[in-house]
Amino acid sequence: MASSSKLALIAIAMLFAFSLKHCQASLTPNYYDYTCPQAIPIIRSAIRIAIAKERRMAASLIRLHFHDCFVQGCDGSVLLKDTPWFTGEQTALQNNNSIRGMEVIDAAKWAVEAVCPKIVSCADIVALAAKDSSEYVNGPTWTVKLGRRDSTTANKDLAAADLPFGGDNLDVLIAKFARKELNAKEMVALSGAHTIGQAQCVTFRGRIYNETNIDPGFALHRRRNCPPSNNAEITNLAPLDPVTPNSLDNKYYKNLMQRRGLLHSDQVLFNGGETDGMVASYSRDPSSFYADFATAMVKMGDIDPLTGSSGQIRKICSAIN
Ligand code: HEM
């Protein structure tokens, strides 16, 4: 075959592959308008009840959406318990004894099922819960696109490979987000979620004892509740943002500029690298942080959803039908 027709064939094949990936049914905010108009208010009220009981739950639910979307796409896979056929994501190192809020999603699902059985996916409930949580703790709001379906499988190895670690360096973090088509600025904006919630001693012990790019007073303070080698205390908690731990604001970035990032992965965002300027700018301008955080959450919610006839609508979020 002449090389020009070979090239044309390759181009057509590439175009076909591209359209397969991009022409799948896309998500839309009014997906349940006719099939279950009560879904959004029912979910919102279940989420608000849970956060009113425990404010940290807002943080846990935002993180749950992140950990769902980064592994196989936003498909509710993080909610699945192990089965004889697969080991789920919950025991991957980044999730084990760490992710929370699954029972809140179950409660919301239960309330929705009572009104519209098998219409609303668990993946969509997780996405709505993240937005409802942000609103509750004074963070920005956004329009959640809907129509995700739930996976019939989960993958521990993929979770271990794709989710970032608190000990990751900047280049690794940038690469992990780039794999999900999120750029460095979007990563910095999304990391602003660390302005709420808690971390366990085991995730920041290395930093407070060994690192030098840390405010000494801050390190000393954190060491009090996180001894260097007592394994009984590795689950002791510290706020990711000690200034306003229950408010989704831009204090996180101000902390980083004072070398008071709790995790190694927090402080690398302001440590002489390419993201320093972004941190400085979000620390000065809360409205640009809010706008970029909301936009990036929508983009994150768009990672590889199952749509059309792929996947299923689970009846119970922790198990496939
Ligand atoms: C940039 C890479 C990131 C790394 C390395 C990372 C790592 C961590 C770690 C180690 C914890 C503490 C977990 C524990 O001790 O049990 C944590 C907590 C948290 N993360 Fe991240 N994270 C990252 C990005 C994100 C993103 C993008 C979001 C959401 C958009 C997010 C939301 C949260 C929240 C809200 C908490 C507190 C959860 C709670 O209190 O239950 N993180 N993260």
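Could you list, in sequence order, the residues of segment 226-243 that are under 9 Å from R205 (Cβ atoms) and open to solvent by less than 60 Å² (accessible area, probe 1.4 Å)?
Correct list: C226, P227, I234.
Count, please, the residues in segment 207-218 that happen to be more than 16 Å from V268 (Cα to Cα) and either within 11 Å of the ligand (Cβ to nearest atom) or surrounded by 18 or more Cβ atoms within 10 Å (Cβ to Cβ) (or both).
Residues in segment 207-218 being more than 16 Å from V268 (Cα to Cα) and either within 11 Å of the ligand (Cβ to nearest atom) or surrounded by 18 or more Cβ atoms within 10 Å (Cβ to Cβ) (or both): 0 in total.
Pairs, please: C-beta under 9 Å, at least 6 apart or cross-chain, first residue farther than 13 Å from M300 by Cβ and in segment 165-186, second basic (K, R) and near the ligand (Cβ under 9 Å from one of its atoms)?
Qualifying pairs under 9 Å: D168/K176.
What tally of residues in segment 114-170 results from selecting those that are more than 30 Å from Q267 (Cβ to Cβ) and assigned to a loop (DSSP other than H, G, I, E, B)?
Residues in segment 114-170 being more than 30 Å from Q267 (Cβ to Cβ) and assigned to a loop (DSSP other than H, G, I, E, B): 18 in total.
So, in segment 256-289, how many residues would count as being open to solvent by 20 Å² or more (accessible area, probe 1.4 Å) and in contact with a Pro (Cβ under 8 Å, 6 or more places away or on another chain)? Lay out the reasoning, then the answer.
At the first step, the residues of segment 256-289 found to be open to solvent by 20 Å² or more (accessible area, probe 1.4 Å) are 257-260, 264, 270-274, 276-278, 281, 284-288.
Next cut, in contact with a Pro (Cβ under 8 Å, 6 or more places away or on another chain) only: 260.
Count: 1.
Tell me whether segment 64-84 contains one or more residues that are in a loop (DSSP other than H, G, I, E, B), assigned by TED's automatic domain parsing to the domain that holds T153 and among the polar types (S, T, N, Q).
yes
Looking at S151, is it hydroxyl-bearing (S, T, Y), outside the structural domain of M278 (by TED's automatic domain parsing) and open to solvent by less than 60 Å² (accessible area, probe 1.4 Å)?
yes
Does segment 120-142 contain any residue that is away from the ligand (no atom under 16 Å from the Cβ), open to solvent by 10 Å² or more (accessible area, probe 1.4 Å) and not assigned by TED's automatic domain parsing to the domain that holds A199?
Within segment 120-142 (the criterion being away from the ligand (no atom under 16 Å from the Cβ), open to solvent by 10 Å² or more (accessible area, probe 1.4 Å) and not assigned by TED's automatic domain parsing to the domain that holds A199), the answer is no, since none of the residues qualifies.
Hey, could you check segment 94-113 for residues that are open to solvent by less than 10 Å² (accessible area, probe 1.4 Å) and not in a loop (DSSP other than H, G, I, E, B) and say which is farthest from L158 (Cα to Cα)?
Looking at the filtered set, the residue picked out is V112.
A quick yes/no check of all residues on (1) within 12 Å of the chain's Cα centre (by Cα); (2) assigned by TED's automatic domain parsing to the domain that holds Q94; (3) open to solvent by 10 Å² or more (accessible area, probe 1.4 Å):
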| residue | (1), (2), (3) |
| --- | --- |
| K176 | no, no, yes |
| E181 | no, no, yes |
| M187 | yes, no, no |
| L190 | yes, no, yes |
| A193 | yes, no, yes |
| V202 | no, no, yes |
| R205 | no, no, yes |
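Taking segment 290-321 as the search range and keeping residues that are more than 16 Å from V78 (Cα to Cα) and among the hydroxyl-bearing types (S, T, Y), which one is most open to solvent (accessible area, probe 1.4 Å)?
S309
Within the bounds of segment 77-93, is there any residue that is within 14 Å of the ligand (Cβ to nearest atom), open to solvent by 10 Å² or more (accessible area, probe 1.4 Å) and closer than 12 Å to S133 by Cα?
no
Counting just the residues of segment 154-170 that are of a type in the set (D, E) and open to solvent by less than 50 Å² (accessible area, probe 1.4 Å), which one comes out nearest to H65 (Cα to Cα)?
Going through segment 154-170, the residues of a type in the set (D, E) turn out to be 157, 162, 168.
Subset that is open to solvent by less than 50 Å² (accessible area, probe 1.4 Å): 162, 168.
Values: D162: 14, D168: 20 Å.
This residue is D162.
Quickly run through segment 98-147 and pick out the residues that are in contact (Cβ under 8 Å) with a residue 40 or more places away in the chain and β-branched (V, I, T).
V104, I105, V112, V115, I119, V120, I125, V126, V137, T141, T143, V144 - these are the residues of segment 98-147 that are in contact (Cβ under 8 Å) with a residue 40 or more places away in the chain and β-branched (V, I, T).
The values are calculated or read from the model by the stated rules, or taken from the named source; none is laboratory data. Just so it is clear, the model here is predicted, and its values are computed rather than measured. A quick note on method: Cβ atoms are made from the backbone with ideal geometry, for glycine too, and the neighbour counts reach across all protein chains shown. Just the protein is used for accessible areas: all its heavy atoms, side chains included, with ligands, DNA and RNA removed. Shrake-Rupley method; radii C 1.70, N 1.55, O 1.52, S 1.80 Å.
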